[in-house]
Amino acid sequence: MKLDELGDWRRTHFSNQITADKDGESVTIFGWVDDIRDLGGLIFIILKDREGKIQITVNKRDFHKDRISEIRKLTRESVIGVKGIIKRSGIAKSGVEVIPTDIKILNIAKTPLPIDTSGKVPTNLEKRLDMRVLDLRMKERICIFKIKNTLINAIREYLQNHGFMEVFTPKILATATEGGAALFSVNYFGRIAFLAQSPQLYKEALTSSFEKVYEIAQFYRAEEFDTSYHLNEFISVDIEMAFAEREDVMNILEQLIIYALEKVVINNENELKLLNPKFKMPTTPFKVLTYKEAIEILKSKGLNIRVGEDIPVSGNKLIGNEINGPYFIIDWPLSLKPFYIKPKREDPELSESFDLNWSWLEIASGGTRIHVKEQLIERLNKLGLNPEKFEPFLTYYDYGMPPHAGWGMGLQRLLMMIVNANDIREVTLFPRDKRRLIP
């Protein structure tokens, strides 16, 4: 079959804009064939686009028999354009249909499809990710990424409205951002370089120029973890704020999350009902536990965590079962935190740090930073890190580094809680984990 060209055809409506009150109006729509049924003198095509589905009712008497023969060859996921008239209908599910005056066949999909895009036949996540572009045409998947789009826009809007400047830091580095071993190395013109794990050192340095900065970007960790909540390429939302301490940036984080969730509830009501009908807005202020209080709660539930040990996911689940919504854990042992986190004045064994958890999952972490060079060098040495490798950044501390604080938040982890996803790969367009490098 010779495929049609787009020519001068241009879309006038998405499917959700075709409503019964527009009865008799002319439209031009494009999309993919979700289903096709040939019944006597009529062919029913269910056309889907980004916004939903609409019924196209083809009366065979209105088209030449050769064109009807071509329409009959349409397969699910084939791409078509339709010019026609909107008609109120008592039979179509949406109460409206389009009676076509012309149909353009733009691409024919191979058959059988490698996955069932109707959702009637369950497909495991690995197979769906192999065929991700097809998978993303399903309504549930589109809803996830509509919410993600709202979320990113709301986060950016909140931060801009509160005086933060958006920055973009390098993703190819000469040294480890946080001194860890989980680094992807790259050949940088014969030199060894690394993919950035976070914008940490850059955003701290930028507080000495711009005072309040944020970045929404992808970062990379060569971690061996193979869990439902780890990725090796992930989107992080980071802020850093001059003349601020831990409580200041905790307050920003709490307000930002509420602001963003309110935007989602308003703008994505239908998507939220489909994906997570039991979703409830968190109440503020978020509950705050100290690390030691969290340990005591876990001991009372039979999970013995020694002071100085990290809290495992099983522990977060136990605490999350007791607390509705997000909650902070503060005053972590300094030994569990990166070199740039400031020790507590009252107890230097503890840190001016926090984690934000929602249910069983850590969403964000941050705290007050060390802004005095000598203290940073002392911490690096104590952790067995060579200060010389951090010298380009340490130099900035010689020329007026202000007190500052900040945090980093995993965007996909926050999204998981909103849409009630069980796997972080569900909320990532093309995930990169330990085993997956394509598509």
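The values are calculated or read from the model by the stated rules, or taken from the named source; none is laboratory data. This one's a predicted model, so the numbers in the text were calculated from it and none came from an experiment. Note: ideal-geometry Cβ built from the backbone for every residue, glycine included; neighbour counts use all protein chains shown. For accessibility, only protein heavy atoms count, side chains too; no ligands or nucleic acids. Shrake-Rupley method; radii C 1.70, N 1.55, O 1.52, S 1.80 Å.
Scaling the Cα radius of gyration of segment 177-313 by the globular reference 2.2 N^0.38 Å produces a ratio of 1.35. Over segment 20-60, consider all pairs of different Cα atoms and compute the Kirkwood hydrodynamic radius from their mean reciprocal separation; express it in Å, one decimal. About 11.3 Å, per the Kirkwood formula over Cα pairs. The share of Cα pairs per 10 Å bin across segment 268-333, counted from zero up to the longest distance, runs 19, 42, 24, 14, 2 percent. Calculated mean residue ellipticity at 222 nm for the chain: -8000 deg cm²/dmol, from DSSP H runs with n ≥ 4 weighted as -39500 (n - 2.57), summed, divided by the residue count and rounded to 500. For segment 322-428, pairs of C-alpha atoms spaced more than 16 angstrom apart make up 65 percent of the total. Every pair of different Cα atoms in segment 132-206 enters the Kirkwood calculation, which places the hydrodynamic radius at 15.6 Å.
Excluding same-chain neighbours fewer than eight residues apart, the aspartates and glutamates reachable from Lys278 by a Cα-Cα span under 13 Å are Glu269. If the chain linking Asn321 and Glu391 were pulled fully straight, counting 0.36 nm for each residue of separation and taking away their Cα-Cα distance, it would gain 20.7 nm.
Sorted largest first by accessible area at a 1.4 angstrom probe radius, with every protein chain in place, the residues Leu437, Leu136 fall in the order Leu437, Leu136.
Rounded to the nearest 0.05, the FRET efficiency derived from the C-beta distance between Asn304 and Phe225 at R0 = 35 Å is 0.90. Near Leu361: Cβ cut-off under 13 Å, other residues only, Lys/Arg at +1 and Asp/Glu at -1. The net charge is -1.
Residues considered: Leu106, Leu334, Leu380. Largest GNM mean-square fluctuation over the chain, using C-alpha springs under 10 Å, is found at Leu106.
For the chain, what's the relative contact order in percent, using C-alpha pairs closer than 8 Å and at least 6 residues apart? Relative contact order, the chain: 13 percent.
In whole angstrom, the chain maps to an equivalent ellipsoid with semi-axes of 51, 23, 20, each derived as √(5λ) from the alpha carbon gyration tensor and ordered largest first.
Taking each of Lys148/Lys434; Lys317/Lys434; Lys22/Lys60; Lys203/Lys373; Lys127/Lys434 in turn, the alpha-carbon distance tops 19 angstrom for Lys148/Lys434; Lys317/Lys434; Lys22/Lys60.
Ordered by solvent-accessible area of protein heavy atoms (1.4 Å probe), largest first, the residues Lys434, Lys337, Lys110 come out as Lys110, Lys434, Lys337. Here the chain is treated with +1 on each Lys and Arg Cβ and -1 on each Asp and Glu Cβ, and its dipole about the Cα centre works out to around 1940 debye. Carbon and sulfur atoms: what percent of the 1.4 Å accessible area of the chain do they account for? Taking all protein chains in place, the chain shows 52 percent carbon and sulfur surface. Compactness ratio for segment 3-42: Cα radius of gyration over 2.2 N^0.38 Å (N = residue count) comes to 1.46.
Remark: spin-label model distance Lys22-Thr283 equals 4.4 nm, labels positioned 7 Å along the Cα→Cβ axis. Which angle between 0 and 90 degrees, to the nearest 10, do you get for helix 313-322 versus the longest principal axis of the chain when only C-alpha atoms count? For 313-322 against the chain, the angle is about 80 degrees.
Taking only the Cα atoms of segment 53-179, the ratio Rg/Rh comes out at 1.16, with Rh defined as the Kirkwood radius. Accessible surface area normalised per residue over the chain is 50 Å², counting heavy atoms of protein chains with a 1.4 Å rolling probe.
Normalised Debye scattering of segment 1-96 at q = 0.11, 0.13 Å⁻¹ gives log10 I(q)/I(0) of -0.30, -0.43, counting only Cα atoms as equal scatterers and leaving out solvent.
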